[in-house]
Each structure stands twice: as structure tokens, then as C-alpha cells.
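Just below is one structure, and these are the notes that go with it.
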């Protein structure tokens with residue numbers, strides 16, 4: 001009888017230990033999970049994490065088996081988060097961020113070098129300060145050279161390897177590199193003036209080569225609305241000055257609409273503009289630990305910003 005009781009007690013303790021055993025969330029699985037949540041696709045997520053679609057699917061299967069709950073539900077060619085997936089997403093971002101900070105601090109504290117990055121003027125103040133601050137804290141001895149120019153010029157600089165990284169804005173179907181953000185483009189006018197009611201419509205646009213400029217002119221031509229390019233500038237500051245003064249209407253990303261400027265609607269006679277894709281691109285045949293680290297910080301910075309906006 002004593003032997004039977006002893007065996008039962010041991011089996012009970014084994015079962016209790018199994019129930020109390022903590023779950024271990026693999027950071028590789030979490031990184032793939034976040035990439036799918038951000039891109040909305042197993043295929044695009046595979047490009048971000050450098051894995052095949054089947055490998056991505058296997059990773060998510062392992063994550064769901066670990067949790068005992070589904071984190072995605074398929075909707076045709078796209079996927080959506082389940083309630084459990086929504087709950088996990090915020091934790092996953094924080095875990096990955098802390099993991100990267102720990103790795104950077106403990107394994108590469110003496111990283112040195114220079115990284116040359118190009119970014120359009122309109123996105124500099126909106127996205128770059130926080131990213132560069134965090135990067136400087138992790139790698140204080142790395143020098144970052146920032147060059148502000150329109151996307152079509154930055155693309156040429158990347159091809160000629162005068163830049164290491166570039167944040168390039170492009171239209172739908174023109175994406176290369178890693179898509180960091182899909183940004184709605186909107187019509188904008190002064191809150192206190194009526195430039196949008198003038199005929200021909202006065203426009204303040206970026207210089208030739210900007211895909212938004214080309215889209216604006218094409219849409220207005222198709223709508224049969226007369227217009228004139230009243231102001232053309234490579235600088236967002238110049239565009240804002242003309243619009244705020246009531247001298248012109250512009251088309252800009254919705255996240256950088258300034259104070260004193262309002263968005264125009266379709267009800268006011270303005271056609272819907274295309275989505276702008278902000279992509280992270282690399283110079284060909286250029287690779288280094290310093291460049292990789294900044295690229296990772298940029299991608300994580302954009303994903304965190306998108307999550308906060310949502």
C-alpha cells in the first residue's frame with residue numbers, strides 16, 4: 001500500500017510540475033509573427049525575415065502550438081490577427097525591442113564606423129529623430145551622415161553607392177526593398193483660405209520626378225479640371241509656406257499634414273490619391289554590421305510608430 005501511495009504522489013508532482021512549467025516564447029517566432037502582422041501576408045513577411053513562405057508557416061504553427069491558441073485567421077490571400085494575436089502583438093514588440101537593446105549593449109558596445117543614409121525632406125522630422133536617438137544610445141561611436149533629397153535622386157545615389165541606405169517613397173506596384181509604411185496621400189489646403197475653389201486650381205508640389213506630383217497632374221487631367229503649378233519646391237517647408245498662406249493646394253502624406261492646414265474630401269471635388277509606400281533600400285553589394293544595425297533600428301522604429309498610430 002505504501003508503495004502505491006508513493007507512486008501516485010510522484011506522478012501527481014510530475015503532472016503539477018508540467019502544468020506550472022513556464023512557456024518560452026522564441027524571439028525568432030515572435031519576429032516572424034510581428035512581420036506577418038505588419039505586412040498582412042506570410043509571403044511578404046518571409047521577405048522581411050529572410051525565410052521561405054513554408055518556413056514562415058511552420059514558425060507560426062510552432063508559436064500557436066506553444067501558446068495553445070491561434071494567432072492568425074486567413075482571409076483569402078491575406079491574414080488577420082485573432083483576439084489572442086492582438087493581445088500578443090504589443091508584448092511581442094516590447095520583447096523584441098528589449099532583446100535587440102540587450103544584444104547591442106552586451107555584444108557590440110564598441111561598434112564604430114560611418115553610415116550614409118538618404119531620406120526625403122518631407123519625412124525627416126516626422127520619423128528620423130526618434131530612430132537616430134535610439135541608435136545613438138546603442139552605438140554612440142557610430143557616425144550617421146544624413147542626406148535629404150527627393151526619392152528619385154536618392155535612388156541614383158544608392159545605385160552609385162554614394163549612400164548606404166535610403167528611405168525611398170514610391171507608388172503602388174513600384175516597391176523595391178523593405179516596405180516600412182503604407183501612407184495615404186491626401187489633398188490639403190489652408191484652413192483660412194479658399195485656394196481649392198480657384199479655377200485654374202493653384203498647386204504647390206514637389207519638383208519633377210516625384211510620383212505624387214505625377215499622380216496629381218494625371219488625376220486632374222482625367223477629371224477634366226484645369227490647374228497650374230504655382231509653386232514647386234524640393235522642400236516640405238516651402239510647400240507648407242505656400243499652402244498655409246492660402247496661395248495653393250498640395251498633396252502630401254496624411255501623417256505630415258501641419259497645423260493650419262486641412263484635408264480636402266472627395267465631396268469637395270478632389271479624387272482619391274494613391275498610397276505612398278515608404279521603403280528601406282540598400283546600396284548594391286554594400287554590407288556591414290554598422291549598416292545592418294541602423295537598418296534594423298529604422299525598420300523597428302517605423303513598425304513601432306505604425307503600432308502607436310493604430
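All of the numbers you see were taken from the coordinates with simple rules; none came from a lab. Just so you know, these numbers come straight off a predicted model, no measurement behind them. Every residue, glycine as well, gets a Cβ built from its backbone with ideal geometry; the counts of neighbours run over all protein chains shown.
When the chain is fully extended, how far beyond the present Cα-Cα distance does residue 192 get from residue 73, taking 0.36 nm per residue of separation?
Between residue 192 and residue 73, full extension yields 38.2 nm more.
Using Cβ counts within 10 Å as a stand-in for footprinting exposure, how do 33, 135, 42 rank, fewest first?
135, 42, 33
For a label point 7 Å from the Cα of residue 41 along Cα→C-beta, name the residues of segment 157-193 whose backbone N is under 17 Å from it.
Counting only backbone N, you get 170-183.
What share of the DSSP beta bridges in segment 54-151 is antiparallel, in percent to the nearest 5?
Expressed as a percentage, antiparallel bridges in segment 54-151 total about 35.
Largest first and to the nearest Å, give the Cα extent of segment 135-283 along each principal axis.
Result for segment 135-283: principal-axis Cα extents of 53, 30, 22 Å.
In nm, to one decimal, how far is the modelled label at residue 289 from the one at residue 57, with both set 7 Å along Cα→Cβ?
It works out to 3.8 nm between the two label points.
Tell me the label-point distance for the pair residue 82, residue 66, using the 7 Å Cα-to-Cβ offset, in nm and rounded to one decimal.
Placing both labels 7 Å along Cα→Cβ, they lie 1.6 nm apart.
Residue 95 to residue 264: extension gain in nm, 0.36 nm per residue of separation minus the Cα-Cα distance?
Details: separation 169, 0.36 × 169 = 60.84 nm, distance 4.01 nm.
My answer for the length gained is 56.8 nm.
Per DSSP H run of n ≥ 4, the term is -39500 (n - 2.57); total these for the chain, divide by its residue number, and report the mean residue ellipticity at 222 nm rounded to 500 deg cm²/dmol.
-16000 deg cm²/dmol
With labels modelled as points extended 7 Å from the Cα through the Cβ direction, what inter-label distance (nm, one decimal) is found for residue 160 paired with residue 49?
3.9 nm
For each of 297, 99, count neighbouring Cβ atoms within 10 Å of the residue's Cβ, then give the residues from fewest to most.
Least crowded to most crowded, the residues run 99, 297.
Would you mind checking the tilt of helix 289-309 against the longest principal axis of the Cα atoms of the chain, expressed as 0 to 90 degrees and rounded to 10?
The helix 289-309 is inclined about 80 degrees to the chain.
For the chain, how big is Rg over Rh, using alpha carbon atoms and the Kirkwood form of Rh?
1.11
If we count other beta carbons within 10 Å of each Cβ, what is the order of 211, 206, fewest first?
So the ranking, lowest neighbour count to highest, is 211, 206.
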